[in-house]
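Participant: Shown below is the structure under consideration.
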Amino acid sequence: MHFLLILGFAIGFLMAVAIGANDAANSMATAVGAKAITPRQAILIAGVLEFVGATFFGKQVTETIRKGIVDPAKLSSSDIVVIGSMAALLGAAIWIFLATKYGLPVSTTHSIVGGMIGYGIAAAGWSVVNWDKVITVTISWVLSPIVGLIFAFVMFKLLSALILHSDDPVKSTKIWAPVFISSAFVIIGFSFGFKVMHVSSWADASIYGVGFGVVALVGSIWYVLSILKKAQGDEYKKVEEVFRMAQVFTSSYVALAHGANDVANAIAPVAAIYIALQTGKVTATATIPRYILAIGGLGIALGVWLFGRKVMTTVGEKLTELTNTRGFVIDFSTATVVLGASNFGMPISTTHTVVGSVLGVGFARGVGSVNLGLLLEIVASWFFTVPAAAVVSYIFFYILKFIFL
Amino acid sequence: MSVWDKLFGGTSPVELMIQHGLIVERASDLLPILWRKYIAGEDFSDIAKEIYDLESQADAIKLEIRKILHRGFLYRFEKHDIIEYIRVQDRIVDLIEDTAKIMGLNYVELPEEASKKMENLIDCIENMMDVLKKALKELRNVLESDFARREVGKERQLVEEMAQLESKIDDAVYDFGKWLYAQKNTMNPVDIMFLRNLVLTISHIADATENVADKINSMLG
């Protein structure tokens, strides 16, 4: 059985590497495209923040996948949890590999949830699956691109009204850009309060939220003024220059949020295997050691480091029509929705949230051309990925059961 | 393929519309030179060739725009508006090309009075095209500012300026036409028909430019 733990760590780690390699572009692409930072700097920032996000903010989503989809307490033994979690991991990984090979829309989040459902049904039938939770998670999948879209639309219109449509856009940038930037830190501060400092009330968390926000406000006022002092060109160029550099903050925010949400896709089944082997019981009460999350974070960071540069450079070159104010709004919306979902323990697709945010700015006539067809791909992903990963996981459960039990 | 690759359609059609317009304007810059060479009886084949080349470049952009307008994509302007816009803007460069071709068919020596009237007409066309160039550049600000009222206002002012120039051009065409028909007893009828054709083609440039201005106005909403 310990062989399965080592194998689980290896596959989970590889999956984390794959997540880092593929999805890292989602976080830093706009900043690289805007030439605010070089791909090398983006890798460094993304690597560190993905790791921080995974390690410090990734626990709740990981818990949802580990024990929210399949109730371990309803399984007959810890061995079933071990081979079942392994089957879920293999099911998700193989489905992602096949889907990527054939160019099908695929989400690691949906795959792992499908994998967990598949093993649950194979192990103890339909009743072992916590369908209420599955429905909640599914609703969060539907809502995340929609919320991203609405958030980005409203935020872009707000930024337009306060800055771009003002009589003096440069003066308005001095006032409002620090507010926009620091509001990201307020949200991070709240998450820090809840997830790292483990405060239990909104009032206590708001100490961290306001604290982070005030420090960021002071820093961003200084930053905005110093950028504007050097900025050249007409007033809109100056505004864009401020947001070009601000995109480094929002891209970092996406990296942090992505790490927090997506680490679970690779590490939740590994955590389930680890806890089952450590305790020898089918229990839902044991908590995930932080170092397991850190291993997942390390895997994501390694994926960013090994493969992210090529992805970011290629993607960045294609984002020429995305101006900095638009890139800022897209990143801000995506990160806020993803981090918000993580705080509620909802495993959502960062990619789908990015699509929603871009479409939001598109509907606000903020970008030249946006592909609405991706909405169909998202819907297709909801309908195909979960059942497909569940079937693969179901089959693997019986194979592993035959070998090990 | 990353999600970013799929999300955006590559080059923005509005940017291509602007590039196309700037090529059209460059072609219009050659009209006064073309006329001066024509009236001086000099060889203007080099200028005509330059105009034909610009027309080809404009055509290539027009085709590219049609190629990049994908189904299922959301654009800043309606797809049919973009196609219609590029059609009317392309008509300008086609007419400039036609003007160069017509000039190559026949040479008519004009008295200074008529030559000045024609020069005035061509200068007016060039002025109108300069305003179009400004309007196209302003369009970038309109988009960058997310259709800020003051930028839209500036754009509409330029559109209005083009309309005023078009009416000035109508006067200049009428003025030349009046002179032309006054020559019915002295000028070769073929030359009269030739000059009539030439001046009407040039006046159509102004009409086409005004159509572009109207289109910009309607696209601003």
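Participant: Out of the range A:23-43, which residues are among the hydrophobic types (A, V, I, L, M, F, W, C), more than 14 Å from every other protein chain (Cβ to nearest Cβ) and more than 12 Å from A:Phe249 (Cβ to Cβ)?
Facilitator: Selection gives A:Ile43 alone.
Participant: Counting only residues that are under 9 Å from the mean Cα position of the chain (by Cα) and either at positive phi or within 11 Å of chain B (Cβ to nearest Cβ) (or both), how many does the range A:335-352 have?
Facilitator: The total comes to 3.
Participant: Residues that are of a type in the set (Ser, Thr, Tyr) and closer than 30 Å to B:Val142 by Cβ: does the range A:184-201 have at least one?
Facilitator: Among the residues of the range A:184-201, not one is of a type in the set (Ser, Thr, Tyr) and closer than 30 Å to B:Val142 by Cβ, which makes the answer no.
Participant: Is there a residue being buried (at least 22 other Cβ atoms within 10 Å of the Cβ), closer than 30 Å to B:Gly10 by Cα and of a type in the set (Gly, Ala, Ser) anywhere in the range A:289-305?
Facilitator: yes
Listed here are the residues, each with its yes/no results for (1) hydrophobic (A, V, I, L, M, F, W, C); (2) at pLDDT below 90; (3) not in a helix (DSSP H, G or I).
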{"position": "A:Gly91", "(1), (2), (3)": "no, yes, no"}
{"position": "A:Ile96", "(1), (2), (3)": "yes, yes, no"}
{"position": "A:Pro105", "(1), (2), (3)": "no, yes, yes"}
{"position": "A:Gly115", "(1), (2), (3)": "no, no, no"}
{"position": "A:Ile121", "(1), (2), (3)": "yes, no, no"}
{"position": "A:Val137", "(1), (2), (3)": "yes, no, no"}
{"position": "A:Leu143", "(1), (2), (3)": "yes, no, no"}
{"position": "A:Val147", "(1), (2), (3)": "yes, no, no"}
{"position": "A:Val154", "(1), (2), (3)": "yes, no, no"}
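Participant: List, please: which pairs have Cβ atoms under 8 Å, are six or more places apart or on different chains, and start with a residue in the range A:136-156 that is away from chain B (no Cβ under 14 Å) and free of Cβ contacts under 8 Å to residues at least 60 places away in the same chain and end with one that is surrounded by fewer than 22 Cβ atoms within 10 Å (Cβ to Cβ) and assigned to a helix (DSSP H, G or I)?
Facilitator: none
Here's the yes/no breakdown for (1) more than 11 Å from chain A (Cβ to nearest Cβ); (2) free of Cβ contacts under 8 Å to residues at least 60 places away in the same chain; (3) surrounded by fewer than 21 Cβ atoms within 10 Å (Cβ to Cβ); (4) not hydrophobic (A, V, I, L, M, F, W, C):
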residue	(1), (2), (3), (4)
B:Trp4	no, yes, no, no
B:Leu7	no, yes, no, no
B:Gly10	no, yes, yes, yes
B:Pro13	no, no, no, yes
B:His20	yes, no, no, yes
B:Ser28	yes, no, no, yes
B:Ala40	yes, yes, yes, no
B:Asp43	yes, yes, yes, yes
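Participant: Collect the residues in the range B:59-111 that are outside any helix (DSSP H, G or I), out of contact with any Gly (no Cβ under 7 Å at 6 or more places or on another chain) and closer than 30 Å to B:Gly177 by Cα, keeping them in residue-number order.
Facilitator: Hits for the range B:59-111 are B:Asn106, B:Val108, B:Glu109, B:Leu110, B:Pro111.
Participant: Something else about it: So is A:Ala216 within 30 Å of A:Val370 (Cα to Cα), touching a helix residue (DSSP H, G or I) at 6+ places or on another chain (Cβ under 6 Å) and crowded, with 18+ Cβ neighbours inside 10 Å or not?
Facilitator: Details: within 30 Å of A:Val370 (Cα to Cα): no; touching a helix residue (DSSP H, G or I) at 6+ places or on another chain (Cβ under 6 Å): yes; crowded, with 18+ Cβ neighbours inside 10 Å: yes.
Answer is no for this residue.
Participant: Of the residues that make up the range B:140-158, is at least one surrounded by fewer than 15 Cβ atoms within 10 Å (Cβ to Cβ), assigned to a helix (DSSP H, G or I), more than 15 Å from the chain's Cα centre (by Cα) and of a type in the set (Asp, Glu)?
Facilitator: no
Participant: For the range A:110-150, give me the residue count where each residue is aromatic (Phe, Trp, Tyr) and buried (at least 22 other Cβ atoms within 10 Å of the Cβ).
Facilitator: So the answer is 2.
Participant: Moving on to the next point. From the residues in the range A:229-245 that are within 31 Å of the chain's Cα centre (by Cα) and within 9 Å of chain B (Cβ to nearest Cβ), which one is surrounded by the most Cβ atoms within 10 Å (Cβ to Cβ)? Before you say what the answer is, go through the steps one by one.
Facilitator: Taking the range A:229-245 as the starting set, the residues that turn out to be within 31 Å of the chain's Cα centre (by Cα) are A:239-245.
Retained after the next criterion (residues that are within 9 Å of chain B (Cβ to nearest Cβ)): A:239-240.
Working: A:Val239: 27, A:Glu240: 22.
This residue is A:Val239.
Participant: Let me ask another. Show the residue pairs that are 6+ apart or on different chains and have beta-carbon atoms under 8 Å apart, the first residue being within the range B:64-77 and more than 8 Å from chain A (Cβ to nearest Cβ), the second being aromatic (Phe, Trp, Tyr) and crowded, with 17+ Cβ neighbours inside 10 Å.
Facilitator: Final answer for the pair search is B:Leu69/B:Tyr75; B:Phe77/B:Tyr85.
Participant: Also: Give me the residue from the range A:191-201 that is in contact (Cβ under 8 Å) with a residue 40 or more places away in the chain and not aliphatic (A, V, I, L, M) and, out of that set, farthest from A:His258 (Cα to Cα).
Facilitator: A:Phe194
Participant: Oh, and also: Just to check your reading of the model, which residue among A:Ser191, A:Ser200, A:Ser166 is part of a loop (DSSP other than H, G, I, E, B), at pLDDT below 90 and not charged (D, E, K, R)?
Facilitator: One residue alone meets the criteria, A:Ser200.
Participant: With A:Ser251, A:Ser226, A:Ser183 as the choices, which residue is crowded, with 19+ Cβ neighbours inside 10 Å, small (Gly, Ala, Ser) and in a helix (DSSP H, G or I)?
Facilitator: A:Ser251
Participant: If you don't mind, another one. Go through A:Ala36, A:Ala16 for me and flag whichever is assigned to a helix (DSSP H, G or I), farther than 24 Å from A:Gly125 by Cα, among the small types (Gly, Ala, Ser) and in contact (Cβ under 8 Å) with a residue 60 or more places away in the chain.
Facilitator: Of the residues listed, the single one that is assigned to a helix (DSSP H, G or I), farther than 24 Å from A:Gly125 by Cα, among the small types (Gly, Ala, Ser) and in contact (Cβ under 8 Å) with a residue 60 or more places away in the chain is A:Ala16.
Participant: Here's a check for you: in the range A:362-382, which residue that is more than 7 Å from chain B (Cβ to nearest Cβ) and without any contact (Cβ under 8 Å) to a residue 12 or more places away in the chain is farthest from the chain's Cα centre (by Cα)?
Facilitator: A:Leu376
The values are calculated or read from the model by the stated rules, or taken from the named source; none is laboratory data. All values derive from a computational prediction rather than experimental measurement. Heads up, the Cβs are rebuilt from the backbone with ideal geometry, glycines too, and the neighbour counts pull from every protein chain shown.
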